[in-house]
Amino acid sequence: MVSPTPLQAFSAVPKAPKTNKQTLVDGEKMTGAQALIRTLEDLGVQDVFGIPGGAILPVYHEIHDDTKFRFVLMRHEQGAGHAAEGYAVATGRVGVCIVTSGPGATNMVTPIADANMDSVPLVVISGQVGVNAIGTDAFQEADTVGITYPVVKHSYLVTDAQDIPRVLAEAHYVARTGRPGPVVVDITKTAQVDDMYYSWPQKLLLPGYNPTTKPHGHVLREAAKLFEQSYRPVLYVGGGAVRSNASEQVKELADLTDSPIVTTLPACGIVPDSDPKVLGMLGMHGTLAATAATQKCDLLVAIGARFDDRVTGKLEAFAPAARVIHIDIDPAEIGKRRQPDVPIVGDVAEVLDALNAEIKRGQAIHGLPNHESWWKLINSWREKYPMKYDETTPDGTLSPQWVVEELSRQAAPSTIWVSGVGQHQMWASQLVDFENPHSWISSGGLGTMGFGLPAAIGARIGSTRDFGGKKPVWLIDGDGSFQMTSEELAAAFIDNAPVKIAILNNSVYGMVRQWQTLFYDKHYSQTSIQDGENTEDIINVPDFVKLAEAYGCVGIRARTQDEARNAIKRANEINDRPVLIDFRVYKDAMVWPMVAAGQSNDTVTYMPGIQPLLHHNAANPAADDASDDTENVAEAADIAAAEK
Ligand SMILES: Cc1ncc(C[n+]2csc(CCOP(=O)(O)OP(=O)(O)O)c2C)c(N)n1
Ligand SMILES: [Mg+2]
């Protein structure tokens, strides 16, 4: 027999005691494949995404009409993975996929890496060639555990049918507990066809895996003390707070301590945007007020956030005067990018429950520091530098930002929003009115184009499962991103996931083009995709309306504001099939504010030529007219007042 590769051997499960002695008394005799299905049922899994193939066929053979979970057949494994992610984020459940060996598994690498970056709980079950064929370059053999090893939370190679229920139970537990993440379970065909004895529940063998959820008392007291001593606090809230369902606790902390909330991309909506404490997203494309408040704060409370470079800009210049409290369930995040003054390891919701109680005790004695001048400064930023864009465009096409705002205006408050990656994603995060947690699903850490449509399908399946379909799903996608997984329109139609799709069709890879405009001399190398040209001889490759119709969906094109309003209204009324609107938008619209990659957040450009946090417009002296200077000097005085 050929030995497993070193990585496979390394990541194989610990050997369970041999099971020869087991009798029917110990469990019900069945094949590994039957055990796999039974285990998923016993775990309460209700929806599974995937595509079959040779090395996983014994498992698919056991999926029947009376199987207790619903199987959603996607058209590409990447689609299955992102669908499972969208499902997981929308419902809080574990997303489960079943795919075949070799190309089936390698197609899953992107969603696995995506889920790892954004801490999304997934269990990815892949078929593997028979145990004796491992290492022989057998047909559709790939070292799945090895390939995915750097981007998983944990992985298993299962060679013994008897291990299947325990390993799947462990995988499900590991995926959803602690810092959630993807777990790969690669199962040899041998293990699928061999007999085993099934019993439930299973005893988990996870020595050393004990995520800390409860915080220590002394760090809570230190954190509470920092709040007592600070005059310019900011709560910097990330995806970890969403995963921990900590909306109420975050809001309570903000109210108790009179602190503004700034969020990362995944945390949009953790507290409703309508709450006056919410300043919006910070960082590269954050609101001016959120980025400015973070730069000028004296206490930065990172809550399930990881000081990502898109948030911090130049790390050494990030929130330079702040003392830092860092709350995270993953101890590896503490001090990874910024050394905190008070590190708190634990589940965000549990930590905040305890911290809020501690703060209340302290406030009963010491009261609350006066934040009046801090809020005055923040509000002046909000008033002077709101989100702004031109509603009309030089070529008469739609303004993409206006389309996003119109979508938001007409949407049901319960809507789940999903996006692709690019400018449209940033406009969605800036301009959609998020009023509910778990209502924004976007690829943050990996920035995966093609995430949108399958994630929206997964979210819609989740909405049907947990909310009776009452949460509609709107996907705001780019014309480039959409084309990376557009085949999933078939799954959306056939598997009854009536998503609503808004393509902001600017005919270009807009975000890359924006960088070419700003940093690469307007040399537009390979960013024109010509799928929405507004010339006499329209190119339209592909024609998104016809593409939607080819898949049984409704397709609508909108070029004017009236057409757009009507198209959105119609889409909101259609619930029996997917609807796609091809909005023709301006290709040179830009996302503002912006911090150039690697620069200090102090250089944030609100609009071209306006850099409110620099006392002088050093980056663009030409734009530094007298009125700007006066503004900047006045601003500096405000900041100095708040800093006192
Ligand atoms: C899989 C993948 N390939 C390439 C990129 C690099 N990239 C980032 S944004 C972008 C353009 C996105 O274009 P589109 O979806 O049309 O969105 P827009 O920016 O035009 O709104 C590209 C190519 C990426 N993020 N993901
Ligand atoms: Mg585009």
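Rounded to the nearest whole Hz, the Karplus-based 3J(HN,Hα) values (6.51 cos²θ - 1.76 cosθ + 1.60, θ = phi - 60°) of the range 334-344 follow the sequence 6, x, 5, 10, 9, 6, x, 7, 10, x, 10, with x at glycine and proline.
Take the residue pairs Lys277/Lys384; Lys214/Lys360; Lys225/Lys384 and return only those whose Cα atoms are more than 28 Å apart.
Working: Lys277/Lys384 17 Å; Lys214/Lys360 19 Å; Lys225/Lys384 33 Å.
Those over the limit are Lys225/Lys384.
Suppose the chain between His523 and Lys68 were pulled fully straight at 0.36 nm per residue; how much longer would it get relative to their current alpha carbon spacing? Walk me through the numbers before you get to the answer.
Details: separation 455, 0.36 × 455 = 163.80 nm, distance 5.53 nm.
Additional length available on full extension: 158.3 nm.
Among Ile303, Ile359, which comes first, then next, by fewest other beta-carbon atoms within 10 Å?
Ile359, Ile303
Taking the range 411-443 and a reference point 7 angstrom along Cα→Cβ of Asp395, the backbone N atoms nearer than 20 Å belong to 422-425, 427.
Can you tell me what percent of all Cα-Cα pairs in the chain are more than 34 Å apart? Don't skip to the answer; put the middle values down first.
Values: 97668 of 207046 pairs.
In whole percent, the long-distance tail amounts to 47.
Bridgeable lysines around Lys189 (alpha carbons under 26 Å apart, same-chain partners fewer than 8 residues away excluded): Lys15, Lys18, Lys21, Lys29, Lys68, Lys153, Lys203.
Rounded to the nearest 20 debye, the dipole magnitude of the chain is 1380 debye, with +1 charges on Lys and Arg beta carbons, -1 on Asp and Glu beta carbons, and the Cα centre as origin.
Shown for Asp137, Asp433: other C-beta atoms within 10 Å of each C-beta, ranked fewest to most, produce the order Asp137, Asp433. Taking each DSSP H run with n ≥ 4 as -39500 (n - 2.57) and averaging over every residue of the chain yields -11000 deg cm²/dmol at 222 nm.
Given R0 = 60 Å, the distance between the Cβ atoms of Ser373 and His61 translates into a calculated FRET efficiency of 0.30. Database remark: amide H of Gly280 closer than 5 angstrom to the amide H of Thr263 (H placed geometrically; neighbours at sequence offset of 5 or more, or on other chains; Pro and chain starts carry no H). Simple rule: put +1 on each Lys or Arg Cβ and -1 on each Asp or Glu Cβ in the range 263-346, find the dipole, and look at Leu282, Leu265, Pro320; the Cα lying farthest toward the positive end is Pro320. How much FRET efficiency would the formula 1/(1 + (r/R0)^6) give for Leu205 and Glu248, where r is the Cβ-Cβ distance and R0 is 45 Å, rounded to 0.05? Calculated transfer efficiency: 0.80.
Which order do Ser600, Ser443 fall in if you start with the one that has the fewest other Cβ atoms within 10 Å? All intermediate terms of the calculation are to be shown ahead of the outcome.
Numbers: Ser600 19, Ser443 29.
By the 10 Å Cβ count, ascending: Ser600, Ser443.
Placing +1 on the Cβ of every Lys and Arg and -1 on the Cβ of every Asp and Glu, with nothing else charged, gives the range 370-458 a dipole about its Cα centre of roughly 240 debye. Computed about its Cα centre, the charge dipole of the range 34-118 is approximately 60 debye, with only Lys, Arg, Asp and Glu carrying charge at their Cβ. The value of relative contact order for the chain, using C-alpha pairs under 8 Å at least six residues apart, is 13 percent. In whole angstrom, how far apart do the alpha carbon centroids of the range 213-274 and the range 424-492 sit? Spelled out, the Cα-based centre of one part sits 26 Å from the other. The amide H of Ile441, built 1.01 Å from its N in the peptide plane, has Trp417, Val418, Ser419 as neighbours under 5 Å, considering only residues 5 or more places off or on other chains. Were the residues from Arg565 through Trp515 laid out at 0.36 nm apart, the gain over their Cα-Cα distance would be 14.9 nm.
Computed from the C-beta positions of Asp26 and Ala332, the FRET efficiency with R₀ = 41 Å rounds to 0.55.
The stretch between Leu256 and Ser414 holds 54.1 nm of extra length on full extension. This uses 0.36 nm per residue minus the Cα-Cα distance. Taking the Cα of Asp341, stepping 7 Å toward and past its beta carbon, and measuring to each backbone N in the range 293-308: which are under 13 Å? Hits in the range 293-308 for Asp341 at 13 Å: 297-302.
Laboratory data are not the source of any read-out in this text; all were calculated from the coordinates shown. Small disclaimer: the values here were computed from a predicted structure and weren't measured. No Cβ is skipped: glycine too gets one built from the backbone with ideal geometry, and neighbour counts run over all protein chains shown.
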